[in-house]
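What follows is a single structure, written as structure tokens, with notes after it.
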Amino acid sequence: MDIAVIGSNMVDLISYIHRMPSEGETVEAPEFRMGCGGKGANQAVAASRLGAEVVMITRVGNDVFADTTLENFRKNGIDTTHVLRTDASSGVAPIFVDPESRNSILIIKGANAYLSPADVEDAREDIAKCKLIVLQLEIPLDTVYATIELGKVLGIPVLLNPAPVAPELDLERICGIEFFMPNESELELITGMPVDTLDDVGKATDVLLGAGITNIIVTLGSRGAMWAHAYGREIIKAPVVRAVDTTGAGDAFIGCFAKEWVDHGDVTAAIRAGNRYAADSVTRHGTQTSYALADGSLPAD
Ligand code: ATP
């Protein structure tokens, strides 16, 4: 086993609409699509498509969406031993997309809100076999903190992607993690510092280094990523591509970074690979549908 992803799964319910209904009105929408998502699941799928052995610790509900998610994990070669059924709805995201591609999104966390420290403890034996633990913030914060503690006890490095951002995230309880991977707006909210320039971004990372985090990797959209560590900081540029849909780019970056880092332990090379993989994903529509396999091809559906 290479990577344990302890995080969320969601099913995206995408309605393509002419316009939003007003109160009390019913309108017909021309098209509907379903897709698998959730930050945890996206990162697990990206790493697994690139050849990592991934175990996912997550909770699904007691509905058809749970079956969809389980099938998706299996199709992508992800270990589902610790995908737990919950007496609740699955995590779902009804999304409305208008003809100008503007999104309105509702997130119902459902079963994801029930992933507990005890669930993580129950998976301890399998987590102990991994080289990296990957976490995001779509599950309860107590579970995130408990997992970080478990990582310390087991001596397994932890990568935390603080998304969606939780302003109440307690930096003292995440100190000692190996990798902290925010985007610019998450960095701004967590540190309370401006991120208008790259210099600002660098100064904000200093706060996190001071809080005892070993490596801060800030994703910067088309500009690539900044890596800050005890000995300095550097920008690693992303390739120039024609972007059509950047949804899920952050998750693609993290999944690829995780796979490369567990394989080679070289942070710069892993960031370069993450940039390449995420930049490739933004040239296609969708989230997981835009994640390629290791040979650059897309999985047959
Ligand atoms: P999202 O929330 O949409 O998943 P994010 O805000 O978490 O994204 P970004 O910083 O926007 O993450 O992008 C993550 C990575 O994706 C970048 O570090 C870069 O490697 C790649 N990327 C994103 N947008 C582009 C682009 N237009 N061109 C090239 N690479 C891109």
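Suppose we keep only residues that are more than 13 Å from LEU171 (Cα to Cα) and surrounded by 15 or more Cβ atoms within 10 Å (Cβ to Cβ) within the range 181-197. Which one would you say is nearest to the ligand (Cβ to nearest atom)? Reasoning before the result, please.
To start, the set of residues in the range 181-197 that are more than 13 Å from LEU171 (Cα to Cα) comprises 181-186, 188, 193-197.
Still in the list and also surrounded by 15 or more Cβ atoms within 10 Å (Cβ to Cβ): 181-184, 186, 188, 193, 195.
Numbers: MET181: 9, PRO182: 8, ASN183: 4, GLU184: 7, GLU186: 8, GLU188: 12, MET193: 17, VAL195: 11 Å.
The extreme case among them is ASN183.
Applying the selection to the range 83-108, what residues are farther than 11 Å from ASP63 by Cβ and buried (at least 19 other Cβ atoms within 10 Å of the Cβ)?
Of everything in the range 83-108, those that are farther than 11 Å from ASP63 by Cβ and buried (at least 19 other Cβ atoms within 10 Å of the Cβ) turn out to be VAL83, ILE95.
Considering only the range 234-263, how many residues are more than 6 Å from the ligand (Cβ to nearest atom) and modelled with pLDDT of 95 or more?
So the count comes out to 18.
Scanning the range 209-227 for residues that are crowded, with 23+ Cβ neighbours inside 10 Å and within 21 Å of CYS175 (Cα to Cα), which turns out nearest to the ligand (Cβ to nearest atom)?
THR219
If you take the residues of the range 198-208 that are more than 14 Å from the ligand (Cβ to nearest atom) and not charged (D, E, K, R), which of them is surrounded by the most Cβ atoms within 10 Å (Cβ to Cβ)?
Once the filter is applied, the top-ranked residue is THR205.
Evaluate the following for ASN275: is it surrounded by 14 or more Cβ atoms within 10 Å (Cβ to Cβ) and near the ligand (Cβ under 9 Å from one of its atoms)?
Yes.
Matching residues to (1) assigned to a helix (DSSP H, G or I); (2) touching a Gly at 6+ places or on another chain (Cβ under 7 Å); (3) crowded, with 16+ Cβ neighbours inside 10 Å; (4) at pLDDT 95 or above:
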site	(1), (2), (3), (4)
ARG19	no, no, no, no
ARG33	no, no, no, no
ASN42	yes, yes, yes, yes
ALA46	yes, yes, yes, yes
ASN62	no, no, no, yes
ASN72	yes, no, yes, yes
GLY77	no, no, no, yes
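Which of the residues belonging to the range 72-88 are charged (D, E, K, R) and more than 18 Å from LEU293 (Cα to Cα)? Break it down stepwise before answering.
So in the range 72-88, the residues charged (D, E, K, R) come out as 74-75, 79, 85, 87.
Selection gives ARG85, ASP87.
Can you pull out every residue in the range 160-178 that is within 14 Å of the ligand (Cβ to nearest atom) and outside any loop (DSSP other than H, G, I, E, B)? First the steps, then the outcome.
First pass over the range 160-178, keeping only residues within 14 Å of the ligand (Cβ to nearest atom): 160-165.
Within the range 160-178, LEU160 is the sole residue that qualifies.
This table checks each residue for (1) of a type in the set (Lys, Arg); (2) touching a strand residue (DSSP E or B) at 6+ places or on another chain (Cβ under 8 Å).
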residue: LYS259; (1), (2): yes, yes
residue: HIS264; (1), (2): no, no
residue: ALA270; (1), (2): no, no
residue: ASN275; (1), (2): no, yes
residue: ARG284; (1), (2): yes, no
residue: THR287; (1), (2): no, yes
residue: TYR291; (1), (2): no, no
residue: GLY296; (1), (2): no, no
residue: ALA300; (1), (2): no, no
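The values are calculated or read from the model by the stated rules, or taken from the named source; none is laboratory data. Remember, predicted model here, so these are calculated numbers, not experimental data. When we count neighbours, we look across all protein chains shown, and the Cβ atoms used for this are built from the backbone with ideal geometry, even at glycine.
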